[in-house]
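Beneath this line is the structure, given in structure tokens, with notes to follow.
The values are calculated or read from the model by the stated rules, or taken from the named source; none is laboratory data. Quick caveat, the model's predicted, so the values are computed rather than measured. We place every Cβ from the backbone using ideal geometry, glycine too, and count neighbours over all the protein chains shown.
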Amino acid sequence: MALTNQQRVGKALDLLREGLGDFIQREFESKYRDRALAEAQQFLATDRLRGNKAIAQWESRRCCG
């Protein structure tokens, strides 16, 4: 069965998160050290599903939706 456009976009966002997550986390930790998570959270609306996960583990669809 063919993928829907929504499934394609979802898969693309998952791949984007996998590819960029570690890089983004590393850059925030490099700049902000122990405050990296708090600083990153300021850029996004609060989301109870994100919790205190590492930046690289945040759900990309939640960040962009």
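Scanning segment 28-65 for residues that are modelled with pLDDT under 60, hydrophobic (A, V, I, L, M, F, W, C) and in a helix (DSSP H, G or I) gives CYS63, CYS64. Residue count for segment 3-17, restricted to those that are over 21 Å from GLN41 (Cβ atoms) and either touching a Phe, Trp or Tyr at 6+ places or on another chain (Cβ under 8 Å) or loosely packed, with under 13 Cβ neighbours inside 10 Å (or both): 9.
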